[in-house]
Amino acid sequence: MNTNESSDEDKALRKLLNEWRTEASLPPRFQDSVWQRIERAQTPASPSMLQVIAHWFATVIPRPAFAVSYMIVLLAGGGAFGWEHARKETTHIKDDLSERYVRVLDPYQTPRE
Amino acid sequence: MKRSLFILVLGLFIGAAAYGCIYSVCMSPARAMERSQRPELAWLKEEFHLSDAEFKRVSELHAAYLPHCREMCRKIDEQNAQLQKLLAGATNTTPEIDAALVEIAQLRSGCQRMMLRHFFEVSQTMPPEQGSRYLAWVKGKVFAADYGMNGQK
């Protein structure tokens with residue numbers, strides 16, 4: 001289709017539309033409701049919690065400052081937990097050994113075979 | 001997304017590795033004590049900060065004491081068995097039961113004397129401050145007010 005043909009069709013369509021008349025009346029507040037629909041379509045929908053998390057996951061975690069802080073916190077937390085666990089276990093072992101020392105020396109506490 | 005996941009997993013791995021390293025390093029002295037030939041003596045050495053020479057002397061005293069302790073154990077078991085035999089079916093005290101009870105009491109005081117002598121010897125092997133601490137601790141353990149009331153303390 002070339003430009004002349006297209007222009008001819010436009011003219012014909014324009015003429016037809018100018019001749020077209022309708023008796024039907026618009027519903028009340030037609031324009032208002034059209035604008036409201038346009039506004040609703042333009043307002044972005046609020047994101048779901050999952051989307052927020054996914055966005056955070058994809059954008060915040062890879063930030064160097066966050067990644068380094070996260071690893072330092074886990075490093076310190078893991079170390080502190082390991083230290084605390086070892087401290088408790090060592091205390092328990094020492095208590096056992098001290099009791100054992102007394103049992104070995106005291107004939108009234110020595111376990112019989 | 002993949003990068004985020006990698007960072008999360010790496011962080012968890014670092015946390016677990018830190019836990020494992022610190023735990024095993026802090027536990028190694030206690031584990032070494034448990035693995036030693038005489039764990040209770042290894043504990044004594046560590047608890048009362050004994051030098052190698054002091055520890056050697058304490059170990060010698062300990063080794064010399066044990067045969068006496070075993071002999072006492074044997075006598076206690078013998079006397080307990082004897083008393084049980086006398087008590088079986090008894091409805092009243094008899095001169096034999098009285099005598100067995102006296103012997104048991106004498107045996108107990110003999111045991112306590114023997115232990116106390118050993119504790120004093122051990123404490124004198126230690127530096128004075130540690131020796132006092134050792135005596136206070138062991139007296140509390142062996143000569144506490146409820147001694148023998150619950151079988152074990």
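The values are calculated or read from the model by the stated rules, or taken from the named source; none is laboratory data. The structure presented is a predicted model; accordingly, all values stated were derived computationally and were not measured. So basically every Cβ, Gly included, is an ideal-geometry build from the backbone, and we count neighbours across all protein chains shown.
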I'm checking my understanding of the structure. Among residues of the stretch B:25-58 that are in contact (Cβ under 8 Å) with a residue 24 or more places away in the chain and of a type in the set (K, R), which one is nearest to B:M126 (Cα to Cα)? B:R57
Do you know which residues across the stretch B:113-153 are within 16 Å of B:I76 (Cα to Cα) and at pLDDT 90 or above? B:R113, B:M114, B:M115
Going residue by residue through the stretch B:59-77, is there one that turns out to be free of Cβ contacts under 8 Å to residues at least 60 places away in the same chain, of a type in the set (S, T, N, Q) and either exposed (fewer than 12 other Cβ atoms within 10 Å of the Cβ) or under 30 Å from B:L135 (Cβ atoms) (or both)? yes
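Per-residue answers, yes or no, for (1) among the aromatic types (F, W, Y); (2) closer than 30 Å to A:I72 by Cβ; (3) out of contact with any Asp or Glu (no Cβ under 9 Å at 6 or more places or on another chain):
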residue: B:V9; (1), (2), (3): no, yes, yes
residue: B:S24; (1), (2), (3): no, yes, yes
residue: B:M27; (1), (2), (3): no, yes, no
residue: B:R31; (1), (2), (3): no, yes, yes
residue: B:H62; (1), (2), (3): no, no, no
residue: B:H68; (1), (2), (3): no, no, yes
residue: B:Q82; (1), (2), (3): no, no, no
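Which of the residues belonging to the stretch A:46-86 are more than 7 Å from chain B (Cβ to nearest Cβ) and of a type outside the set (A, V, I, L, M)? Break it down stepwise before answering.
Step one: list which residues in the stretch A:46-86 are more than 7 Å from chain B (Cβ to nearest Cβ), which gives A:46-56, A:59-60, A:63-66, A:68-69, A:72-73, A:76, A:80, A:84.
Within the stretch A:46-86, A:S46, A:P47, A:S48, A:Q51, A:H55, A:W56, A:T59, A:R63, A:P64, A:F66, A:S69, A:E84 meet the criteria.
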Qualifying helices (runs of 4 or more DSSP H) (wholly inside the stretch B:1-92; at least 3 residues being at the interface with chain A (Cβ under 8 Å from one of its Cβ atoms) and at pLDDT below 90): B:52-87
Could you check B:T91 against (1) of a type in the set (S, T, Y); (2) surrounded by 18 or more Cβ atoms within 10 Å (Cβ to Cβ); (3) free of Cβ contacts under 8 Å to residues at least 40 places away in the same chain and say which number it fails? (2)
Could you grab me the full set of residues in the stretch B:39-56 that are over 20 Å from B:A136 (Cα atoms) and surrounded by fewer than 17 Cβ atoms within 10 Å (Cβ to Cβ)? B:S51, B:D52, B:A53, B:K56
